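Below: the structure, in structure tokens.
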Amino acid sequence: MALQSDSYVLLNDGHRMPVLGFGTYAPETLWNNNHDPERVRIGLEQSLRDLQLDYLDLFLIHTPMGFQPGDNLFPTDENGKAIYHNTDIRDTWKALEACKDAGLVQSIGVSNFNHKQLELILNMPGLKYKPVCNEVECHIYLNQNKLLEFCEIQNIVLIAYGVLGSGRSKKWIDQNSPKLLEDPVLNTVAKKLNRTPAQVAMRYLLDRGVVVLAKSFTPQRIKENFQVFDFELNDEDVEALDGCNKNLRYLTMDVWSDHPNYPFHDEY
């Protein structure tokens, strides 16, 4: 997938997706308690009610890790341990395909899947629709080269979250993890180009064919985040930024690492 001049990518189902942020594009995710096939449409219809929409542009399986089916988003036992439900992700996908056929969603995809979990869907008997995308953590410290290559071969768009690092939530993030926007190599490239480190970090991903999600609540930063299409990185810049990769995840979801479908045990 290459950067498009009019700032969109063409998905494998014929629909379009913006390459930066989502704007008026309407994506939502199927949470872990709704993996059971009977609950997939329930979860989707709840999202439609919450958003007051007739259909979604994009609906993703949030993670491959299923919880006990029901209305409780985080079901736990008497010891506070998460109650898992190892639904076959292929059955969840079939239910998503039915939602697409019903006109409730235009495109369907996944999030936080490794390549083996993607292969489960891609190789399933009777597959009707391939995932259009896989939304994963991706940035200069975790450039996802192997997963990106796999997705490109399968015509699946890689969507990046955490592109500027991550918030410092003590519940999810190691407080000793480096601050991405303070990286010296990133700042050297940004200074040379007279750009912000955030702009360079996003341009790096866009040039690799990755759709970028960038969050900000500051008007000036939001404006800056969209000013990434009028400059270029040369080969030297890209090589320097490639060298920043540490295979470092900010969001490990280790609290659920004992789940049989935990995706991050696999290298990619």
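The values are calculated or read from the model by the stated rules, or taken from the named source; none is laboratory data. As the structure is a computational prediction, the values presented were derived from the model and not from experiment. Here the Cβ positions follow ideal geometry from the backbone for every residue, glycine too, while neighbour counts run over all protein chains shown. All accessible areas refer to the heavy atoms of the entire protein, side chains included, with ligands and DNA or RNA removed. Shrake-Rupley method; radii C 1.70, N 1.55, O 1.52, S 1.80 Å.
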Could you tell me which of the residues L96, L73 is under 28 Å from L147 (Cβ atoms) and surrounded by 21 or more Cβ atoms within 10 Å (Cβ to Cβ)? L96
From the option list L186, L206, L181, single residue qualifying as touching a Pro at 6+ places or on another chain (Cβ under 6 Å), open to solvent by less than 30 Å² (accessible area, probe 1.4 Å) and closer than 18 Å to E137 by Cβ is L186
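Criterion first (among the aliphatic types (A, V, I, L, M), modelled with pLDDT under 95, open to solvent by 20 Å² or more (accessible area, probe 1.4 Å) and in contact with a helix residue (DSSP H, G or I) (Cβ under 6 Å, 6 or more places away or on another chain)) does L3 satisfy it?
Values: among the aliphatic types (A, V, I, L, M): yes; modelled with pLDDT under 95: yes; open to solvent by 20 Å² or more (accessible area, probe 1.4 Å): yes; in contact with a helix residue (DSSP H, G or I) (Cβ under 6 Å, 6 or more places away or on another chain): yes.
Yes.
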Meets criteria (open to solvent by 60 Å² or more (accessible area, probe 1.4 Å), of a type outside the set (A, V, I, L, M) and in contact with a strand residue (DSSP E or B) (Cβ under 6 Å, 6 or more places away or on another chain)) for R90: no
Odd one out for I83, checked against (1) touching a helix residue (DSSP H, G or I) at 6+ places or on another chain (Cβ under 7 Å); (2) open to solvent by less than 60 Å² (accessible area, probe 1.4 Å): (1)
Show the residue pairs meeting these rules: Cβ distance below 7 Å; 6+ apart or different chains; first residue within the range 26-44 and over 26 Å from R16 (Cβ atoms) and at pLDDT 95 or above; second residue open to solvent by less than 10 Å² (accessible area, probe 1.4 Å) and among the polar types (S, T, N, Q). N32/T63; H35/T92; P37/T92
When the residues of the range 6-25 are narrowed to those that are more than 19 Å from V163 (Cα to Cα) and modelled with pLDDT of 90 or more, which ends up surrounded by the fewest Cβ atoms within 10 Å (Cβ to Cβ)? G14
Quick check: anything in the range 94-115 free of Cβ contacts under 8 Å to residues at least 60 places away in the same chain and among the acidic types (D, E)? yes
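I'd like the full set of residues that are β-branched (V, I, T) and open to solvent by 20 Å² or more (accessible area, probe 1.4 Å), limited to the range 137-155.
As a first pass, look at the range 137-155 and keep what is β-branched (V, I, T): 140, 153.
Of everything in the range 137-155, just one residue is β-branched (V, I, T) and open to solvent by 20 Å² or more (accessible area, probe 1.4 Å), namely I153.
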Take L148 and tell me if it is in contact with a strand residue (DSSP E or B) (Cβ under 9 Å, 6 or more places away or on another chain) and not in a strand (DSSP E or B). yes
Does E119 satisfy the condition of being within 22 Å of V255 (Cβ to Cβ) and open to solvent by 10 Å² or more (accessible area, probe 1.4 Å)? no
Which of the residues belonging to the range 122-136 are over 24 Å from N245 (Cα atoms), among the aliphatic types (A, V, I, L, M) and surrounded by 22 or more Cβ atoms within 10 Å (Cβ to Cβ)? V132
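Here's a check for you: in the range 223-268, which residue that is acidic (D, E) and part of a helix (DSSP H, G or I) is surrounded by the most Cβ atoms within 10 Å (Cβ to Cβ)? Steps first, please.
Looking only at the range 223-268, we keep the residues that are acidic (D, E), and these are 224, 230, 232, 235-237, 239, 242, 254, 258, 266-267.
Narrowing further to those that are part of a helix (DSSP H, G or I): 224, 235-237, 239, 242, 254.
On the way: E224: 17, D235: 7, E236: 10, D237: 20, E239: 10, D242: 14, D254: 12.
Within the range 223-268, the match that is surrounded by the most Cβ atoms within 10 Å (Cβ to Cβ) is D237.
Right, D91: modelled with pLDDT of 95 or more, among the acidic types (D, E) and farther than 25 Å from L51 by Cβ or not?
Working: modelled with pLDDT of 95 or more: yes; among the acidic types (D, E): yes; farther than 25 Å from L51 by Cβ: yes.
Yes, satisfied.
Looking at the range 116-134, which of the residues that are in a loop (DSSP other than H, G, I, E, B) and without any contact (Cβ under 8 Å) to a residue 40 or more places away in the chain is nearest to L48 (Cα to Cα)? Give the derivation first.
Going residue by residue through the range 116-134, those that are in a loop (DSSP other than H, G, I, E, B) are 123-132.
Narrowing further to those that are without any contact (Cβ under 8 Å) to a residue 40 or more places away in the chain: 123-128, 131.
Working: N123: 30, M124: 28, P125: 30, G126: 28, L127: 25, K128: 23, P131: 20 Å.
Taking the candidates together, the pick is P131.
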Checking G162 against (1) in contact with a Cys (Cβ under 9 Å, 6 or more places away or on another chain); (2) modelled with pLDDT of 95 or more, which test does it fail? (2)
